[in-house]
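Values quoted throughout were computed directly from the atomic coordinates according to the rules given, and no laboratory measurement underlies them. Only a predicted model underlies this, so the values are computations on that prediction, with no experimental measurement involved. When we count neighbours, we look across all protein chains shown, and the Cβ atoms used for this are built from the backbone with ideal geometry, even at glycine.
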Protein chains: 2
Amino acid sequence: MKVIIVGGVAGGASCAARLRRLDENAEILMVERGPYVSYANCGLPYHVGGAIEKESSLLVATEQTFREQFAIDCRTRCEVVGISAPEKTVQLKNHATGEVTTEHYDKLVLSPGAAPIRPPLPGIDLPGIFSVRTVPDARIIREWLDRDLADRTGMNSYTGYQTVVKAQRAVVIGGGFIGLEMVENLIHRGLEVTLIEKLNQVMPPLDPEMAHLVERYMIKHGVKLELNDGVAGFQQTADGTLEVLTSSGKKHPADIVILAIGVRPETALAKMAGVEIGQRGGIRVDEHMRTSDPDIFAVGDAVEVKDFVTGQWSLVALAGPANRQGRIAADVITGRNSRFRGTQGTSICQIFEAAIAQTGTTEKVLTQLGETDFEKIYLYPNSHAGYYPGAKYIAIKVIFKKSNGRLLGAQVLGEDGVPKRIDSFAMAIQMGCTIYDLEEAELSYAPPFGSAKDPVNFAAMVAADTLRSDMPLCHWNSVDSGFLLDVRSPAELAVESVPGAVNIPLPQLRARLNELPRDKEILVICRSGQRAYYATRILLQKGFKAQTMAGGMLSRSMLVEA
Amino acid sequence: MKVIIVGGVAGGASCAARLRRLDENAEILMVERGPYVSYANCGLPYHVGGAIEKESSLLVATEQTFREQFAIDCRTRCEVVGISAPEKTVQLKNHATGEVTTEHYDKLVLSPGAAPIRPPLPGIDLPGIFSVRTVPDARIIREWLDRDLADRTGMNSYTGYQTVVKAQRAVVIGGGFIGLEMVENLIHRGLEVTLIEKLNQVMPPLDPEMAHLVERYMIKHGVKLELNDGVAGFQQTADGTLEVLTSSGKKHPADIVILAIGVRPETALAKMAGVEIGQRGGIRVDEHMRTSDPDIFAVGDAVEVKDFVTGQWSLVALAGPANRQGRIAADVITGRNSRFRGTQGTSICQIFEAAIAQTGTTEKVLTQLGETDFEKIYLYPNSHAGYYPGAKYIAIKVIFKKSNGRLLGAQVLGEDGVPKRIDSFAMAIQMGCTIYDLEEAELSYAPPFGSAKDPVNFAAMVAADTLRSDMPLCHWNSVDSGFLLDVRSPAELAVESVPGAVNIPLPQLRARLNELPRDKEILVICRSGQRAYYATRILLQKGFKAQTMAGGMLSRSMLVEA
């Protein structure tokens, strides 16, 4: 059996190595258009920023590894220029020699990835505008950042000064994962950074109010944030400075521009092979990673995958699923019955001293799908026991099915303990947990690491209180009328209060019930929602109509755009 | 309805607060023998060590909180001195006034906790020997550590010197959680610490080879470790120095001794009430936390709980389960059908720069129970992508059912990323996951936080490879015969090699198969097991009998005692 694998990074490389382990006798040819296989593309922004110092650190495995350890014919700078599915052949062009050869396959695996979107805007090809996809991309960005700007204008030779003037102003276009990672790394290198994002939020996969917390970290670190503005074009001034022109008519000067608008599945090879392309523009595969041609498989960022929670086809460019898909394709090719269960979009991104993570689906997606059978809660617990030094607050949003309590999604942001929580939620979603299961989760606790009631338990308790009608909920953005009751202390109100809200501090509530209306819905507010819950319990049992304002003042502040 | 809750810390305090939320009209009396309620007993060692500076930080909620926020009659320094179950009364002694009163209850909740074991050894009552259970315990230990030793002998008044000589030598007896936390905190304060443990390992709930990794951290930080030695008694020298005498005849001088031998459920009240005591010596309760008397409930460290994995009755002194039990008792008292699902013993402990965590059951427990339907694997992956700075290796042991792959337990040690992993395993055990489910777990990954294949996935893959017979396993401590094949590089062998093992580096294996026996089981060794797995795959497919040595050289080093 001869298997040809096209693309030697995450999905392709995983497939190749797994294939060899399962079949010592298979003939395996892995071709990669670029100069490297199995490189750490997730590390590229950190190499640009300098956290990962050496380029060689990014090369996880080399051609030699594949040859020596796996007896795989591994060829770099080798591009597929033709595919004949009926004849089961591919045409390979060796970029070193220019030679084109034809190779037969029994099974073909496509792992071409997704390419950064490069819209045909005026000036898009000016020097200094970069995307971040490959090791050479990172290398030329580093070189560009290290070069002497004075040389650009011949100033050094004119003045005789030896001072090196490096790039100072960067514009990053697009506030997704790569955009934000590039922003952080350029700030780390000392540049002034402007981030332009067409939408009204960074991190499009997040719900906007959670994204606003990310935006605060951007602003805190001096990033100039331009939301709701698209890029219209680029131009260059006489001294070589780039200018980024936006739809709103603004002009942002830049010594370097990073394009991180998004990625598009590379489907040229799939089209060449005549296999089906899905409605989202990715290669359509079944749960065995098989395309519409039974001898052609596809894996990684180029394929459409089923969203594990919503069941919708989607495009997800994540390394974890790509690796799993590569393994599954290898399993299936060697006769095993492995299936890809879909992706739940678990992801995490470092935002300076914080991390933002999510898993499962969002309110945004559910709303787009017209779903109404869900509820959301917010909470802001400490990352670990508050009495142990270093505890930081974590912002958590959890979405669950109203009808049966099934967990649908979670978004977590904080400066400590985020991976611990998002992974618990991720496992829970995979196993079809309800919030009632999560109430009973037994997670690790010692003062430096957690709390006796972990934030995950706490989130589930809040959610379950809601579903059990112990705590009817209301939300800042969907309140039209009601009696606003603030149960915080006067000292807290002095800092920030809600117009029109009546203040009765929680400890006085039982004695002052006569001040409250029995005919109106009482909407109870506190800092984070906890005291409001206590108050709601009192009011409900005393015959009032009451609801807790989800997440209290902390949620309110998130709804105000950064 | 009147509910009396005895014990105002974790379980009792949780029960009281929940009870009030569920029943605004219940009369709730919470009594606590000590001076504080709802204090952070898990933080006591860190208060001794100074990480938690202020004693007041340990007081999570006060009598006042309970009175004002929850309208609970909360009394400290108030001890139950008699219970009449037939009459449904308790006799309360007010330690401030000496007064004894009788109170009637409809429901009684016992949350007395567990007391540090204080064996009747010669000299046990000498000054300077302490247990760590309450805030006053921590206070007197701090005072003892801060006092001037020279005063002890009158030396200052004799010499006229003003130099303060503080305690320098500590002996901690018992290497469980509290013992290890005390060791760390005393080292942190600059003391020389000797740890005496009767067993051949610290951290008795762990399997010994994982405990040995903990012992290495102890030794690295200068702790004098005395395993396999019990305490025989204590004596005091003329200058006031304590001496700890051991079963083996050793004598350890000490300025302070911490007793952390273990805890014993406080069952005096339960016995007074005439309710059933279980075979492990704890209060026996049903899944609703009800004792043998339907109007008496018990929660927390004093009760026996069902082990979630093995189904055995056990004693578990952990804050998380205690809190859950308190809530459940409140639910049941107010007519809800909540159940305690048992405990899986999820725990974590800081060991200087590292953390050790576990969840589920251990090889030790399964072996004691005579179970044979299980397998174990070891792995040593990076805490996050190796190419991103700061990655540390994590040691993971996973135990699973051979017959169906169900996850039974996990132990994780490392300096980074331990909470993330143990919580994934904990959720997995709760939901009855198999290792096949865990292979497909979609956990958070970005270079600073994880790997595309998370250590949890990686562990599951190793386990699944074993169960699918892709990788027959052998273990260092159960190998009797076989052909030892080491596939590491000569450079690695130069550092450490295995006597009798033949070396063929992995890249040469395919070309040198003729050097291997076809009639013997080939046991393949590498550093961590990964290359041995690759080699095993080659050998099996080429008709050899081969097994991978689980965890390679890294596992071998763990089996050698510290």
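Numerical summary
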item: Nearest-20 debye value, region A:265-351 charge dipole, Cβ charges on Lys, Arg, Asp, Glu; result: 220
item: 10 Å Cβ neighbours from other chains, averaged over peptide B:16-26; result: 3
item: Nearest-0.05 FRET efficiency for A:A232 and B:L513, computed from C-beta distance (R0 41 Å); result: 0.05
item: Rel. contact order, % - alpha carbon contacts under 8 angstrom, at least six apart, region A:60-152; result: 13
item: Label geometry 7 Å along the beta-carbon vector: B:P499 inter-copy distances in nm; result: 8.5
item: Using a Förster distance of 25 Å, the FRET efficiency for B:E24-B:T101 (Cβ separation, nearest 0.05); result: 0.45
item: Residue order, fewest to most beta carbons within 10 Å, for B:R21, B:R118; result: B:R118, B:R21
item: Vicinal HN-Hα couplings computed from phi for region A:274-284 (Karplus, 6.51 cos²θ - 1.76 cosθ + 1.60; Hz; Gly/Pro x); result: x, 8, 5, 9, x, 5, 8, x, x, 5, 7
item: Over 29 Å (Cα to Cα) - which of A:K107/A:K364; A:K364/A:K392; A:K54/B:K453; B:K224/B:K397 fall in this group; result: A:K107/A:K364
item: Residue order, fewest to most surrounding Cβ atoms within 10 angstrom, among B:L369, A:L58; result: B:L369, A:L58
item: Placed amide H near A:L523: partners under 5 Å, 5+ positions off or other chain; result: A:F483, A:L484, A:L485, A:Q547
item: Calculated [θ] (222 nm, deg cm²/dmol) that DSSP helices of n ≥ 4 give over the protein assembly as shown, each run adding -39,500 (n - 2.57); result: -8000 deg cm²/dmol
item: Cα gyration tensor shape for chain A, rounded if a/c is under 1.5, else prolate or oblate; result: oblate
item: Rel. contact order, % - alpha carbon contacts under 8 angstrom, at least six apart, chain B; result: 11
item: Cut-off under 5 Å, modelled amide H: who pairs with A:F234 long-range; result: A:G123, A:I124, A:L245
item: Taking region B:389-513 and dividing mean pair separation by its residue count, relative contact order in percent (alpha carbons under 8 Å, at least six apart); result: 17
item: Per-q log10 I(q)/I(0), region B:238-298, q = 0.28 Å⁻¹ (Debye; single scatterer per alpha-carbon; no solvent); result: -1.17
item: Ascending count of other beta-carbon atoms within 10 Å, so fewest first, for A:W313, A:W476; result: A:W313, A:W476
item: FRET efficiency, B:Q168 to B:S56 (Cβ-Cβ, R0 35 Å, nearest 0.05); result: 0.75
item: Label-point separation, B:K220 to A:N477 (7 Å along Cα→Cβ), nm; result: 4.7
item: Rough spin-label spacing in nm, given labels placed 7 Å along Cα→Cβ, for A:D125 and B:S84; result: 10.0
item: Between region B:360-401 and region B:505-540, the Cα center-to-center distance that results, in Å; result: 24
item: Cβ neighbours within 10 Å from other chains - mean over B:355-367; result: 1
item: Paramagnetic reach from B:K250 (point 7 Å along Cα→Cβ, amide N under 15 Å) across region B:197-214; result: B:197-202
item: Tilt relative to chain A, helix A:319-333 - C-alpha long axis, 0 to 90 degrees, to 10; result: 60
item: Hz values of 3J(HN,Hα) by residue in region A:6-17 - Karplus curve (6.51, -1.76, 1.60), Gly and Pro given as x; result: 9, x, x, 9, 2, x, x, 5, 4, 4, 4, 5
item: Antiparallel DSSP beta bridges within the protein assembly as shown, as percent of all bridges there, nearest 5; result: 55
item: Cut-off 14 Å (backbone N to label point 7 Å along Cα→Cβ of A:A268), residues of region A:115-142; result: A:115-118
item: Karplus-derived 3J(HN,Hα), 6.51/-1.76/1.60, for each residue of region B:253-259, Hz, glycine and proline x; result: x, 8, 8, 8, 10, 10, 8
item: Cα gyration tensor shape of region B:348-407, rounded if a/c is under 1.5, else prolate or oblate by comparing a/b with b/c; result: oblate
item: Relative packing of peptides A:427-434, B:120-127 - highest average C-beta neighbours within 10 Å first; result: A:427-434, B:120-127
item: Helix B:208-220 axis, angle to chain B major axis (alpha carbon atoms, nearest 10°); result: 80
item: Shape metrics for the protein assembly as shown, restricted to C-alpha atoms - Rg then Dmax, Å; result: 32.2, 103
item: Inter-copy spacing of A:K224 label points, which lie 7 Å from Cα along Cα→Cβ, given in nm from shortest upward; result: 6.6
item: Tilt relative to chain A, helix A:418-430 - C-alpha long axis, 0 to 90 degrees, to 10; result: 80
item: Average beta-carbon neighbours from other chains, 10 Å sphere, peptide A:35-46; result: 3
item: Protection-proxy order for peptides A:279-285, A:314-320, each taking the mean of Cβ atoms within 10 Å per residue, highest first; result: A:314-320, A:279-285
